[in-house]
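Asks: Could you have a look at this structure, given as C-alpha cells, before my questions?
The values are calculated or read from the model by the stated rules, or taken from the named source; none is laboratory data. In this text, all values refer to a predicted model and were calculated from it rather than measured experimentally. Every residue, glycine as well, gets a Cβ built from its backbone with ideal geometry; the counts of neighbours run over all protein chains shown. Ligands, DNA and RNA are excluded from the accessible area calculation, which covers all protein heavy atoms including side chains. Shrake-Rupley method; radii C 1.70, N 1.55, O 1.52, S 1.80 Å.
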Amino acid sequence: MALWLHYFIILALLLAITAKYISPVLFWFPAFFGLAFPFLFLINVFMILYWLVQFKPAIIFGLIALFLSLPTAFNFLQISLPHKKAEAKMLKVTSYNSMLFDLYNWSHNSDSRGKILGGLADIKSDILCIQEFYTSEEKGDFNNADTLRRLMKMPYLHSEYTTTLRKFDHWGIATFSKLPIINQGKIIFNTKSNNICIYSDIVAGKDTIRVYNIHLQSVSFSKNDNQFLEDVISEKNAKNEVDNSKNILRRLKNAFIKRTQQVEMIVTHMATCPYFIVLCGDFNETAASYSYRKLAAELEDTFVERGTGLGRTYAGKWPQFRIDYILHDKALHCADFRRNPETFTDHFPITAYFDNIHW
C-alpha cells in the first residue's frame, strides 16, 4: 500500500514540476498540481526517509523525483548566505498589497490603517509599489495618496484606478517614488476584475529604470468558499463538501486561465522596454506556476538571490506561500532582500536593495 501511495505522489510531483511549462489556457489540469507542489515535495521526502530506514529499492524512484523537483523547490526555500548588507545609499524598492488600508475594517482594529502607514514609513523606501490601493480626494482620514507622499517623502506618484465612485473615491494601484517619474502607462487586462498593470519610467542618477507594478487575477473566493477552506484546514465537518469543492476548483481554474492571459500581455510589453526593468507585484501565484516562470524567464528573483527561509508573503490561512515578488533585470544587482516581520493586512511587505543604481 505504501509503495503504491508513493508512486502516486511521485506522479503528482512530476505533474507539479511540468505545470510551469504548460499554459493553463491550453491545458489547465497540471496547474492544480503546481499549486500543491510544496506539499507533494515534502511527502516525497518523507517517503524517501521511510524507504531508507527499510532498505527498500523503491527509494530510487523517490530520489529521481527529488532531483528533478529541486530547482522548483529552491524557488520556495532559501538558505541565506553571507552577502553585502543593505546600506542607505542603495536603491530600495518595496512592494505591498495594502488591502485598501483596511478600509472596511476587516481586521476589526480601528488602528490598523495608522499602523499600515507607519510600517511603510519605517521601511524608508525610494520606490513603493502598492496593490489594492484606495484613496479618497475628500479631506479626511482616507486621502491615502497625499498621506503616503508626505509620510514617505515621495513627491512623485503614478496611480491608475479600476473603480471610481462618487467621483472622488478611487480603487486601483499606485507607484510612489522619491525619484522623478518621466513617463508612465498602463496595461488594461480587459476583464471585469480590478486587476491591472502599470509601468513607470523613473530616473535614478544616470540610469532610467522601468518599474512594472502588477496585480494579477485573484481567485475571488466567496465567503462560503473561505469558510469551507477554514473548516477543512481545521478538520471540522465541512458542509456540502462536493458542491463546495467543485466551486473552488472552478474558481481556481478560471483564475489560472485569466492570469495566464494577463501575463502574456505583460511579457509582450516588457519585450519592447528600452530600460532596465524592475517588476513588482501580487501575482496570486506560487513559484511553481506557469505565470511565475513566464514573468521570471528573463529576470532575476530577488528572494531566490538574497532571501531566506520559506519567504511566505501571504498572511492569510491559505495559501501560506510566496505570492508577492520583486523581479529585476539581470543588469541590476540585488544586494539584499527583506520581508517585513509584521503586517496588518493579508500580505507582508517585501523590499529589495539594489547597489549598482546610484542617484
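Asks: Kindly provide the set of residues from region 129-177 that are at pLDDT 90 or above and among the aromatic types (Phe, Trp, Tyr), ordered by number.
Replies: PHE133, TYR134, TYR156, TYR161, TRP171, PHE176
Asks: Can you say whether TYR290 is surrounded by fewer than 24 Cβ atoms within 10 Å (Cβ to Cβ) and over 22 Å from PHE354 (Cβ atoms), as far as the supplied structure shows?
Replies: no
Asks: Among (1) at pLDDT below 80; (2) among the aliphatic types (A, V, I, L, M); (3) open to solvent by less than 60 Å² (accessible area, probe 1.4 Å), where does ALA255 come up short?
Replies: (1)
Asks: Another question about this same structure. Restricting attention to region 141-168, and to residues there that are more than 21 Å from ILE196 (Cβ to Cβ) and not in a loop (DSSP other than H, G, I, E, B), which single residue is nearest to the chain's Cα centre (by Cα)?
Replies: MET152
Asks: Same structure, new question: Does at least one position in region 118-133 carry a residue that is of a type in the set (S, T, N, Q) and over 25 Å from PHE283 (Cβ atoms)? It would help to see each step written out before you state the result.
Replies: Kept after step one, since they are of a type in the set (S, T, N, Q), are these residues of region 118-133: 125, 131.
Filter again for over 25 Å from PHE283 (Cβ atoms), leaving none.
No, region 118-133 contains no residue that is of a type in the set (S, T, N, Q) and over 25 Å from PHE283 (Cβ atoms).
Asks: Moving on. Could you pull out every one of the helices (runs of 4 or more DSSP H) wholly within region 27-82 that has 1 or more residues that are closer than 21 Å to ASP324 by Cβ and without any contact (Cβ under 8 Å) to a residue 60 or more places away in the chain? Break it down stepwise before answering.
Replies: Numbers: elements: 29-35, 37-54, 59-73.
Output list reads 37-54, 59-73.
Asks: Among the residues that make up region 314-329, is at least one of them open to solvent by less than 10 Å² (accessible area, probe 1.4 Å), touching a strand residue (DSSP E or B) at 6+ places or on another chain (Cβ under 9 Å) and among the polar types (S, T, N, Q)?
Replies: No: region 314-329 contains no residue that is open to solvent by less than 10 Å² (accessible area, probe 1.4 Å), touching a strand residue (DSSP E or B) at 6+ places or on another chain (Cβ under 9 Å) and among the polar types (S, T, N, Q).
Asks: Those residues that are open to solvent by less than 30 Å² (accessible area, probe 1.4 Å) and under 19 Å from the mean Cα position of the chain (by Cα), I need them from region 181-193; list them, please.
Replies: First, pick out the residues of region 181-193 that are open to solvent by less than 30 Å² (accessible area, probe 1.4 Å): 185, 187, 189.
Matches in region 181-193: ILE187, PHE189.
Asks: Please verify whether region 85-94 includes one or more residues that are surrounded by 12 or more Cβ atoms within 10 Å (Cβ to Cβ), part of a loop (DSSP other than H, G, I, E, B), among the aliphatic types (A, V, I, L, M) and at pLDDT below 90.
Replies: Here is the first cut: in region 85-94, the ones surrounded by 12 or more Cβ atoms within 10 Å (Cβ to Cβ) are 86, 90-94.
Okay, now just the ones that are also part of a loop (DSSP other than H, G, I, E, B), so 86, 90.
If we keep only those that are among the aliphatic types (A, V, I, L, M) too, we end up with 86, 90.
With the extra rule that they be at pLDDT below 90, the set shrinks to 86.
So far as region 85-94 goes, yes, one or more of its residues are surrounded by 12 or more Cβ atoms within 10 Å (Cβ to Cβ), part of a loop (DSSP other than H, G, I, E, B), among the aliphatic types (A, V, I, L, M) and at pLDDT below 90.
Asks: Oh, and also: If CYS273 satisfies every condition in (1) open to solvent by 10 Å² or more (accessible area, probe 1.4 Å); (2) under 12 Å from the mean Cα position of the chain (by Cα); (3) at pLDDT 95 or above but one, which is the exception?
Replies: Condition not satisfied by CYS273: (2).
Asks: Being open to solvent by 30 Å² or more (accessible area, probe 1.4 Å) and over 19 Å from SER177 (Cα atoms) is the filter here, so list the residues in region 344-359 that pass it.
Replies: The first filter runs over region 344-359 and keeps only residues open to solvent by 30 Å² or more (accessible area, probe 1.4 Å), leaving 344, 346, 355-356, 358-359.
Scanning region 344-359 gives PHE344, ASP346.
Asks: Another question, if that's okay. Please tell me if ILE266 is hydrophobic (A, V, I, L, M, F, W, C), at pLDDT 95 or above and in a strand (DSSP E or B). So that I can check it myself, show each step before the final result.
Replies: Working: hydrophobic (A, V, I, L, M, F, W, C): yes; at pLDDT 95 or above: yes; in a strand (DSSP E or B): no.
No.
Asks: All but one of (1) assigned to a strand (DSSP E or B); (2) more than 17 Å from the chain's Cα centre (by Cα) hold for ALA174; which doesn't?
Replies: Result: ALA174 passes all but (2).
Asks: Test GLU300 against the criterion of being touching a strand residue (DSSP E or B) at 6+ places or on another chain (Cβ under 8 Å), at pLDDT 95 or above and open to solvent by 50 Å² or more (accessible area, probe 1.4 Å), and give yes or no. First the steps, then the outcome.
Replies: Details: touching a strand residue (DSSP E or B) at 6+ places or on another chain (Cβ under 8 Å): yes; at pLDDT 95 or above: yes; open to solvent by 50 Å² or more (accessible area, probe 1.4 Å): yes.
It is true that GLU300 is touching a strand residue (DSSP E or B) at 6+ places or on another chain (Cβ under 8 Å), at pLDDT 95 or above and open to solvent by 50 Å² or more (accessible area, probe 1.4 Å).
Asks: Quick one: count up the residues across region 254-285 that are out of contact with any Lys or Arg (no Cβ under 9 Å at 6 or more places or on another chain) and among the charged types (D, E, K, R).
Replies: Count: 3.
So that you can scan it fast, the table gives a plain yes or no per residue for (1) exposed (fewer than 14 other Cβ atoms within 10 Å of the Cβ); (2) among the acidic types (Asp, Glu); (3) at pLDDT 95 or above:
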position	(1), (2), (3)
LEU14	no, no, yes
ALA19	no, no, yes
PRO24	no, no, yes
PHE33	no, no, yes
ASN44	no, no, yes
LEU52	yes, no, no
PHE55	yes, no, no
ILE60	yes, no, no
ILE64	yes, no, yes
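Asks: Still on this structure: In this structure, does LYS178 turn out to be within 30 Å of PRO274 (Cβ to Cβ) and open to solvent by 70 Å² or more (accessible area, probe 1.4 Å)?
Replies: Working: within 30 Å of PRO274 (Cβ to Cβ): yes; open to solvent by 70 Å² or more (accessible area, probe 1.4 Å): no.
Taking the combined requirement at face value, the residue does not satisfy it.
Asks: For region 290-305: of the residues being without any contact (Cβ under 8 Å) to a residue 60 or more places away in the chain and assigned to a helix (DSSP H, G or I), which is farthest from LYS253 (Cα to Cα)?
Replies: Residues of region 290-305 without any contact (Cβ under 8 Å) to a residue 60 or more places away in the chain: 294-300, 302, 305.
Restricting the remaining residues to those that are assigned to a helix (DSSP H, G or I) gives 294-296, 302, 305.
Working: LYS294: 18, LEU295: 20, ALA296: 22, THR302: 28, GLU305: 31 Å.
Only one residue fits best here, namely GLU305.
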